Amino acid sequence: MNMEFVQAFEQLGKEKGIAPEVLYDAIEAALISAYKRNFSSAQNVRVSLDRHSGEIHVYACKTIVEAPKDTRTEISLQDAREIDIRYELGDVVDLEVTPKNFGRIAAQTAKQVVVQRIREAERGIIYDEFSNRESDIVTGLVQRIEQKNVYIDLGKAEAILTPSEQIPGETYRFGDRLKTYIIEVKKTTKGPQILVSRTHPGLLKRLFELEVPEIHDGIVEIKSVAREPGLRSKIAVYSKDENVDPVGACVGHKGSRVQTIVNELKGEKIDIIKWNVDADKYIGGALSPAKVVSVTINETDKTSKVIVPDYQLSLAIGKEGQNARLAAKLTGWKIDIKSETQAQAAI
């Protein structure tokens, strides 16, 4: 193996982000296998690859014993001391056994190892990059659809959007640009498998972080998210600065900020609620857009009884109970809603 070859794969290793020493170690290990395979050797051998000249030397490693039983792995003390008088019993002697035509085999083996290690390293780099981005948002292009799975090109890697993580009723076409939420990155023999979602509540949270500078800067905090993908969501926000309206910051001028997120989620309705440390006020707000007359809470079992005007009952409950269900998810409280007339009748 000549110096130009060493320089070439060292430069390639640097470009791909692989430490040269990792490549050298891998090549030396592969050359040991190549030597034993090509020369039918049962010896204990080591290979030395000179990092500067590219020269390769193969050494048979023999242990010094009093009476050798296997000359392939053992050597007598007398024979060892003919090489170096300082040898003692139990020492290991390295005897060079480099074949004359080993350079060609070495070059071929080194090439295979470099290609394999670079492929492994690239997969490792991609895995590290995306595993560190779990619970983050990524943008990619729809590449293909197979068996209802949508494959999304993220540039360096491909993500999979499975049917269970797709928004009901949402259609995907080749070339569509999609924002998705990374839920898991798995290591596989074919490289990292990136699983993404369009239905995860975290997607909504990340979209607000991208769209609302006050959230990104930490002034406004998202306290809770409840979502029924493709239909309706509720998000509770809180401002650490009394001069900043958290709901207004999320809505934006003439609704511009929230509308951008609604468009990204293909029309999903979003209610933005002001979080409150007082559970009764928080629950009342969570039932928005319905107006609430009163909220009575039971701290022991985290239940609440909410009374609304008669004409607001259907709005408070929502279509098929959706509004009440989302409010319960958002607040973490069980909510029992009654109209004023029902409440009076129960007394």
Subset of segment 69-106, residues closer than 17 Å to R46 by Cβ, part of a loop (DSSP other than H, G, I, E, B) and either hydrophobic (A, V, I, L, M, F, W, C) or at pLDDT 90 or above (or both), comes to D91, V97
Determine whether S288 is in contact with a Ser or Thr (Cβ under 9 Å, 6 or more places away or on another chain) and among the polar types (S, T, N, Q). no
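Assess whether R144 counts as being of a type in the set (K, R), out of contact with any Ser or Thr (no Cβ under 9 Å at 6 or more places or on another chain) and touching a residue at least 40 places away in the same chain (Cβ under 8 Å).
Values: of a type in the set (K, R): yes; out of contact with any Ser or Thr (no Cβ under 9 Å at 6 or more places or on another chain): yes; touching a residue at least 40 places away in the same chain (Cβ under 8 Å): no.
When the stated conditions are applied, R144 does not pass them.
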Quick check on Y181: is it modelled with pLDDT of 95 or more and touching a helix residue (DSSP H, G or I) at 6+ places or on another chain (Cβ under 7 Å)? yes
Tell me which of these K187 doesn't satisfy, since it passes every other one: (1) farther than 30 Å from R119 by Cα; (2) modelled with pLDDT under 95; (3) out of contact with any Pro (no Cβ under 7 Å at 6 or more places or on another chain). (1)
Could you figure out which of (1) out of contact with any Phe, Trp or Tyr (no Cβ under 7 Å at 6 or more places or on another chain); (2) in a strand (DSSP E or B); (3) buried (at least 17 other Cβ atoms within 10 Å of the Cβ) isn't true of V185? (1)
Checking A42 against (1) within 30 Å of V113 (Cα to Cα); (2) surrounded by 14 or more Cβ atoms within 10 Å (Cβ to Cβ), only one condition comes out false. Which one? (2)
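Residue-by-condition table, conditions (1) over 25 Å from Y282 (Cα atoms); (2) touching a Ser or Thr at 6+ places or on another chain (Cβ under 9 Å):
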position: T180; (1), (2): yes, yes
position: T189; (1), (2): yes, no
position: S197; (1), (2): yes, yes
position: V220; (1), (2): no, yes
position: I235; (1), (2): no, yes
position: G248; (1), (2): no, no
position: S256; (1), (2): yes, no
position: Q259; (1), (2): no, no
May I ask you to list pairs of residues, at least six apart or on different chains, whose Cβ atoms are under 6 Å apart, with the first in segment 80-92 being under 15 Å from C61 (Cβ atoms) and the second being not in a helix (DSSP H, G or I)? A80/I64; A80/Y87; A80/V93; Y87/I64; D91/I64; V92/C61; V92/T63
Subset of segment 206-258, residues part of a loop (DSSP other than H, G, I, E, B) and closer than 22 Å to K319 by Cα, comes to P229, G230, L231
Set A26, A107: member being touching a residue at least 60 places away in the same chain (Cβ under 8 Å) and either assigned by TED's automatic domain parsing to the domain that holds G191 or over 30 Å from E129 (Cβ atoms) (or both): A107
Which residue, of I261, I307, I335, I270, is surrounded by 18 or more Cβ atoms within 10 Å (Cβ to Cβ), of a type in the set (V, I, T) and in a helix (DSSP H, G or I)? I261
Across segment 237-257, the tally of residues that are farther than 16 Å from K223 by Cα and of a type in the set (S, T, N, Q) stands at 2
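So if I check each of V138, V150, which one is surrounded by 14 or more Cβ atoms within 10 Å (Cβ to Cβ), touching a Pro at 6+ places or on another chain (Cβ under 9 Å) and under 25 Å from N263 (Cβ atoms)?
Details: V138 fails: touching a Pro at 6+ places or on another chain (Cβ under 9 Å).
Being surrounded by 14 or more Cβ atoms within 10 Å (Cβ to Cβ), touching a Pro at 6+ places or on another chain (Cβ under 9 Å) and under 25 Å from N263 (Cβ atoms) holds for just one of V138, V150, which is V150.
Looking at the structure I just gave you, is Y35 hydroxyl-bearing (S, T, Y), assigned to a helix (DSSP H, G or I), touching a residue at least 24 places away in the same chain (Cβ under 8 Å) and assigned by TED's automatic domain parsing to the domain that holds G103?
Yes: the conditions hold for Y35.
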Any hit, segment 31-51, residues being on the phi < 0 side of the Ramachandran plot, modelled with pLDDT under 80 and in contact with a Cys (Cβ under 8 Å, 6 or more places away or on another chain): yes
May I ask you to verify whether R198 is surrounded by 19 or more Cβ atoms within 10 Å (Cβ to Cβ) and of a type in the set (D, E, K, R)? yes
From Q43, Q7, which residue is of a type in the set (S, T, N, Q) and either assigned by TED's automatic domain parsing to the domain that holds K156 or in contact with a Lys or Arg (Cβ under 6 Å, 6 or more places away or on another chain) (or both)? Q43
Taking the conditions exactly as written (of a type in the set (D, E), surrounded by 14 or more Cβ atoms within 10 Å (Cβ to Cβ), touching an Asp or Glu at 6+ places or on another chain (Cβ under 9 Å) and within 21 Å of K334 (Cα to Cα)), does E228 satisfy them or not? yes
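The values are calculated or read from the model by the stated rules, or taken from the named source; none is laboratory data. This structure is a prediction, so every number in the text was calculated from the model and none was measured. Every residue, glycine among them, receives a Cβ derived from its backbone with ideal geometry; neighbour counts consider all protein chains shown.
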